Amino acid sequence: MEESGDVQLLRAWARGHRAAGRRIGFVPTMGFLHEGHLRLVDEARRRADVVVMSIFVNPLQFAPTEDLARYPRDLPRDRALAAARGVDFLFVPDAAVMYPPGSATRVVPGEAASRWEGVVRPGHFTGVLTVVAKLFNLVGPDVACFGRKDIQQAALIRAMVRDLDWPIEVVVVPTVREADGLALSSRNVYLTSDERGQALGLSRALAAADAAWRAGERNASGLEAVVRDALRMYPGVTADYIAVCEPIRMAPAASAAAGTIVALAARVGSTRLIDNIVLGEEHG
């Protein structure tokens, strides 16, 4: 595995593989890797000949009150995991490389960013789309893989690729969970043992909504009520929002059909977690 934080080295590497007719897969991350990230590598490798992973904790997507300084980092561990999973090039730029002095251009998302996460974290998606756009321009991937846990982010990236006519296949990979249902997240490391037990409320509340939908509940407000009722069993969980929405524009859905998303963001102690489920899918 090659590794560099140098833009010119990355571009030269990618240019050589494109000239040889190889498809490039890309997995952008903020590091502190877990099995969810590594499944993205697996999917990229299935769809491409070589795989680039980036590790960059993007300051532009954190508000001043958020956890940029304490966001977990462990590059030696990440390097070993990436190499073992078959990453061909690990791009590890620092902030000065991604945002040199005078950098001011930003990618502003459309209406879909004004809901849910966009309300709770204003400016977050501008930071996400800006860094993803820059990474796409540096790597030039044929396919890029993202996790479904960040489902609104994935919808906005798909829209950006479509609207800006980039020839990139965006693949959204199902959420990877612990055996008890907790969605894998780098932020799970913040949870105490008691908080981790409370955090199970997110996946269990979403499972209750899915069960209600399969039993015939189609009204969005009814599904929201199911989620709220389930969360009452977990007093350590404080919901930021419960969303029942369609998957393209993340617009609220009055009636839930197959493919409708039920998404949830909540705080468990000082840790903020997100999760979601797609109604009508088989869930492992």
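Every listed requirement among (1) in contact with a helix residue (DSSP H, G or I) (Cβ under 7 Å, 6 or more places away or on another chain); (2) over 18 Å from residue 148 (Cα atoms) is met by residue 261 save one, (2). Restricting the stretch 7-58 to residues that are touching a residue at least 40 places away in the same chain (Cβ under 8 Å) and among the acidic types (Asp, Glu) leaves a set whose member that is surrounded by the most Cβ atoms within 10 Å (Cβ to Cβ) is 43. Only residues that are more than 30 Å from residue 70 (Cβ to Cβ), more than 19 Å from the chain's Cα centre (by Cα) and of a type outside the set (Ser, Thr, Tyr) were counted across the stretch 236-278, and they come to 6. Just to be sure before I move on: is residue 247 outside any strand (DSSP E or B) and under 18 Å from residue 119 (Cα atoms) in the structure I sent? So residue 247 passes the test. Do the conditions hold for residue 214, that is, is it surrounded by fewer than 18 Cβ atoms within 10 Å (Cβ to Cβ), of a type in the set (Lys, Arg) and more than 28 Å from residue 123 (Cβ to Cβ)? For residue 214, the condition - surrounded by fewer than 18 Cβ atoms within 10 Å (Cβ to Cβ), of a type in the set (Lys, Arg) and more than 28 Å from residue 123 (Cβ to Cβ) - is met.
No value in this document is a laboratory result; all are computed from the given coordinates. Owing to the predicted nature of the structure, the values given are computational and were not obtained by experimental measurement. Ideal geometry is used to build each Cβ from the backbone, glycine not excepted, and the neighbour counts take in all protein chains shown.
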